[in-house]
Amino acid sequence: MIVTAAITYEHIKTCKQSGARLGRIHTPHGIIETPVFMPVGTQATVKTMSPEELKEMDARIILSNTYHLFLRPGHELVREAGGLHKFMNWDRAILTDSGGFQVFSLSEMRKITEEGVHFRSHLNGDKLFLSPEVVMEIENALGPDIMMAFDECAPYPADYDYVKKSMERTTRWAERCLKSHARPHDQALFGIVQGGMYEDLRKQSAKDLTSLDFPGYAIGGLSVGEPKHLMYEMLECTVPLLPSDKPRYLMGVGSPDALIEGAIRGVDMFDCVLPTRIARNGTTMTSQGRLVVRNAQYANDFGPLDPECDCYTCRNYSRAYLRHLIKADETFGLRLTTYHNLHFLVTLMSKVRQAIMDDRLLDFRDEFFEQYGLIGN
Ligand SMILES: CO[C@@H]1O[C@H](CNc2nc3cc4c(=O)[nH]c(N)nc4cc3[nH]2)[C@@H](O)[C@H]1O
């Protein structure tokens with residue numbers, strides 16, 4: 001089945017030193033330079049950020065989540081509002097995850113059948129059901145530029161037989177998503193590769209999904225608690241089987257080292273709640289490594305959070321002020337640390353893109369790890 005897609009991937013160049021690639025994704029809501037980090041806006045907002053602030057830091061695409069918006073406020077309400085872009089006043093690109101992760105990580109009383117997943121809402125215990133067809137209807141109503149197929153993100157660790165059966169069902173669900181996808185011309189549906197930490201299952205999943213000819217491919221089932229070297233090994237056996245003329249999206253990955261290592265292995269798109277989540281308890285990512293600004297040592301530190309950063313937070317406020325706000329549980333403090341962390345990752349990816357352009361991403365990785373204090377592997 002040929003699905004004419006809403007997006008096209010333009011390959012610009014491959015780094016001579018690392019195999020990383022520079023590209024552009026052309027979407028109905030603008031162009032995305034890749035590799036790219038996508039801020040997560042689970043409930044139709046990137047927590048504490050305004051669309052204007054996200055544009056200030058040049059965020060080109062943000063995530064929202066089918067599971068959460070299905071539960072609240074409901075996808076029909078968002079459809080009535082004119083779709084997510086209108087509802088949240090964001091005129092750049094949006095990607096929605098399908099709920100394949102959340103229904104397994106958030107809800108109670110789950111029952112997985114060939115048809116779909118019966119579960120209880122984590123908000124009020126309501127009995128609910130998601131299937132490939134229902135998820136396609138929800139994502140169609142939300143109206144993102146890129147939408148994820150409904151899959152099962154197998155837990156880690158999980159035994160071979162479980163992962164095999166789960167991965168094969170995820171492929172059947174992907175076919176059902178394609179069949180019930182209403183608007184392929186303006187919404188690109190990505191398949192999601194599964195297979196746990198088993199190389200042969202990962203390869204099987206990649207082969208089965210690429211034969212279905214999606215406009216882009218996500219690599220799921222990773223960043224679920226496995227050691228990082230395992231994640232990298234699974235990337236190394238999966239990415240080469242994905243088409244080079246389509247975007248590759250590694251789901252749920254957002255620490256600086258993992259973004260760089262993922263780009264080196266040919267990944268184009270990343271998302272993670274990490275920068276926004278840790279910001280809310282006063283942990284920040286700086287050029288000198290992680291800095292927990294709520295710590296007492298910063299009480300009288302009137303210098304910028306990160307002396308090498310030119311973001312709004314670092315240009316206008318001191319570590320002492322940030323610490324005070326966070327300790328006093330002042331919302332503005334969360335906004336300032338969130339702004340900085342997102343700016344840090346979005347800027348890191350522009351440095352990664354420049355390093356690819358200059359054919360020196362491995363050198364950049366070593367320099368970054370040296371300064372950030374990460375033991376590169
Ligand atoms: C390491 O941080 C923790 O772990 C999560 C990130 N890790 C992650 N792995 C994912 C896998 C999938 C998948 O296989 N399928 C679909 N549809 N969505 C996914 C979303 C994912 N997010 C954060 O939420 C945080 O709790």
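Readers should treat all values here as calculations from the given coordinates under stated rules, not as data from a laboratory. This one's a predicted model, so the numbers in the text were calculated from it and none came from an experiment. Please note: Cβ atoms are built from the backbone with ideal geometry, for glycine as well, and neighbour counts cover all protein chains shown.
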Checklist line | Cβ-based charge dipole, segment 254-377, positive-most Cα from LEU361, GLN297, SER287 | finding: GLN297
Next item on the list: May I ask for the Kirkwood hydrodynamic radius of segment 237-377, worked out over all distinct Cα pairs and given in angstroms to one decimal?
Entry: 16.0
Notebook entry, point to check: Quick one: Karplus J couplings for segment 322-330, per residue in order, coefficients 6.51, -1.76, 1.60, θ = phi - 60°, nearest Hz, x for Gly and Pro?
Noted result: 4, 4, 4, 5, 5, 4, 8, 6, 7
Note to self: Through the Karplus equation 6.51 cos²θ - 1.76 cosθ + 1.60, θ set to phi - 60°, convert the phi angles of segment 133-144 into ³J(HN,Hα) values in whole Hz; use x for Gly and Pro.
What the structure shows: 5, 5, 5, 5, 5, 5, 5, 5, 5, 6, x, x
Checklist line | the chain - convex hull of alpha carbons, volume per residue in Å³ | finding: 133
Margin query: Can you give the log10 of the normalised intensity I(q)/I(0) at q = 0.20 Å⁻¹, computed with Debye over equal Cα scatterers of segment 111-208?
Written below: -1.02
Margin query: Suppose R0 equals 22 Å. What FRET efficiency, 1/(1 + (r/R0)^6) with r the Cβ-Cβ distance, do LYS179 and LYS111 give to the nearest 0.05?
Written below: 0.40
Next item on the list: Mind jotting down the distance between the C-alpha centroids of segment 163-181 and segment 132-157, whole Å?
Entry: 11
Margin query: Restricting to DSSP H runs of at least four residues, report the calculated mean residue ellipticity at 222 nm for the chain, -39500 (n - 2.57) per run over all residues, nearest 500 deg cm²/dmol.
Written below: -11500 deg cm²/dmol
Item checked: Whichever aspartates and glutamates have a C-alpha closer than 16 Å to that of LYS111, once near sequence neighbours (fewer than 8 apart) are set aside -> ASP126, ASP151, GLU152
Next item on the list: Enumerate the aspartates and glutamates that LYS47 could reach by cross-link, defined here as Cα to Cα under 15 Å, with residues fewer than 8 away along the same chain left out.
Entry: ASP271, GLU330
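Per residue, what volume in Å³ does the Cα convex hull of segment 1-128 take up?
Each residue corresponds to 175 Å³ of Cα convex hull volume.
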Next item on the list: In whole angstrom, note down how far apart the Cα centers of segment 262-281 and segment 345-375 are.
Entry: 14
Check: Short version: what are the Cα gyration tensor semi-axes of segment 175-249, square root of 5 times each eigenvalue, largest first, in whole Å?
Finding: 24, 12, 11
Margin query: Could you compute how fast segment 222-304 diffuses translationally, taking Rh as the Kirkwood radius over C-alpha pairs and applying Stokes-Einstein at 25 °C with viscosity 0.890 mPa s? Give it in µm² per second.
Written below: 167
Next item on the list: Name the residue farthest towards the positive end of the dipole of the chain from the options HIS29, MET49, PRO227, assuming +1 on Cβ of Lys and Arg, -1 on Cβ of Asp and Glu, about the Cα centre.
Entry: MET49
Notebook entry, point to check: Straight-line reach from LYS16: which lysines have Cα under 17 Å away, leaving out those fewer than 8 places along the same chain?
Noted result: LYS351
Margin query: Using Stokes-Einstein with the Kirkwood hydrodynamic radius over Cα pairs, what translational diffusion coefficient do you get for segment 128-276 at 37 °C and a viscosity of 0.692 mPa s, in µm²/s rounded to a whole number?
Written below: 212
